[in-house]
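A quick write-up on the structure given underneath.
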Amino acid sequence: MQQPAHGGNLAWAAALAGCPPSAILDFSASISPLGPPKSAIAAIESQLSHLKNYPDPDYRELRLALSHFHQLPPEWILPGNGSAELLSLAGRELAQLAATALITPAFGDYYRALAAYHAEVLEFPLSLVMTDLSWIFDKGQRTKDGLLLNNPHNPSGILFSREAILPYLKEFALVVVDEAFMDFLPPEEEQSLIQVVQEYPNLVILRSLTKFYSLPGLRLGYAIAHPECLRRWQLWRNPWPVNTLAAAAAVAVLQDKEFQEQTWAWLPPTRDQLFGGLASIPGLQPLQSAANFLLVESQQSSSQLQQKLLKHHQIFIRDCLSFPELGDRYFRVAVRSWSDNQRLLEALSLVISH
């Protein structure tokens, strides 16, 4: 079975570990361990009798819920079959420009979405210890180019300030910002560009509802952009991209303030626990992160660590072989529960010491 380019491939991990997928402790996918919320499960159950009907093609209830949540008109919001579907639409949009700038290391799906439409890609390396964007791009003509970046950055977890990104909205023809992990930051700390989207017709923001609410199996994300752009995207895609159960769950979790507050309270101390434990293991150096994952530099081969952890401890970490700039020197781990994190730290200590 081919080694996965993404995290969360439990079938591959279980085959290597020689156990059922349910026995794998998965640190490879950056999904909150606190969910799915009870509100989502209740909403899904309430809609089971409606599976005989097609979803509303305009997703009016879902768009209205997102509209209230972000204080934006509904026509500025487009739900999708995970942010991956919307990324493909963004790739088609970006491919119409002269080139698209990527900050590397970059999420592998960006290359897929851009390559699907034969987009020209310009790569600009990011220092993993700096959050300043001003020095990354060389000077030159950018008004015919696009920019695709994520914030917080994946795989490093670096959080760029809103002020660091704003100047590029005036320099690039189109700026697509993937904010898949932004909701892990409480409102007073997040650096989303949603509050300025109505001021910039060349800005597209992609969001995910599956990582924060532990619903990756439902596939649900949304784009926020000028209505003219979103109407064009609607013409490019298949009808009914969001299923009835996913739409109902989304409406419910957006109103689940208790779960949101619980997540914001859980993440910082648990991430600190995992960071401190990793830093105490000889040969490992984790990077500070604003997201629910940590990128770790390793003096040992990360792919070998991954295989040993699977075979001897049924623990799955994310290697970084799909990020050419990182290669076999880094791995990434999700922040899970306190006890799960401790199990990982103990297993890593054993594997590295031997």
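Bear in mind these aren't lab numbers, they're just calculated from the coordinates by the rules spelled out. No experiment lies behind these values; they were computed from the predicted model shown. FYI the Cβ positions are ideal-geometry reconstructions off the backbone, even for glycines, and counts take in every protein chain you see.
In summary, the lysines within cross-link reach of Lys211, defined as a Cα separation below 18 angstrom excluding same-chain residues under 8 places away, comprise Lys38, Lys257. Between Arg60 and Ser280, the simple label model (points 7 Å from Cα in the Cβ direction) yields a spacing of 5.7 nm. Projected label points at Gln195 and His354, each 7 Å from Cα along the beta carbon direction, are separated by 5.2 nanometres. If we count trypsin sites (Lys or Arg not before Pro) as exposed when they sit in a DSSP loop and have at most 14 other beta carbons within 10 Å, what is the longest stretch of the chain that avoids them all? Within the chain, the longest run free of exposed trypsin sites (Lys or Arg not before Pro) spans 171-354. Taking other C-beta atoms within 10 Å as the exposure proxy, Cys19, Cys320 rank Cys19, Cys320 from fewest upward.
Here is what passes the span test in the chain: the DSSP H helices with alpha carbon length of 30 Å or more along the helix axis and a Kyte-Doolittle mean of -1.0 or above are 257-279. When only the Cβ of Lys, Arg, Asp and Glu is charged (+1, +1, -1, -1), the dipole of the chain relative to its Cα centre reaches about 700 debye.
Could you give the Stokes-Einstein D for segment 38-255 in µm² per second, using the C-alpha Kirkwood radius, 10 °C, 1.306 mPa s? For these conditions, the coefficient is 89 µm²/s.
Taking the number of Cβ atoms within 10 Å of each Cβ as an exposure proxy, the fewest-first ranking of His153, His68 is His68, His153. Simple spin-label estimate for Leu166 and Ala11 gives 4.7 nm between the two label positions (7 Å along the Cα-to-Cβ direction from each Cα).
Bridging of Lys170 to lysines at a Cα separation below 21 Å is possible for Lys139, Lys144, once same-chain residues fewer than 8 apart are set aside.
Here the calculated FRET efficiency for Glu325 and Ala265, from their Cβ-Cβ distance with R0 = 30 Å, stands at 0.30, rounded to the nearest 0.05. So what's the back-of-envelope 222 nm ellipticity for the chain, counting only DSSP H runs of four-plus at -39500 (n - 2.57) apiece and dividing by all residues, rounded to 500? Theoretical 222 nm ellipticity from helices: -11000 deg cm²/dmol.
In the chain, Cα pairs under 8 Å separated by at least six residues give a relative contact order of 25 percent.
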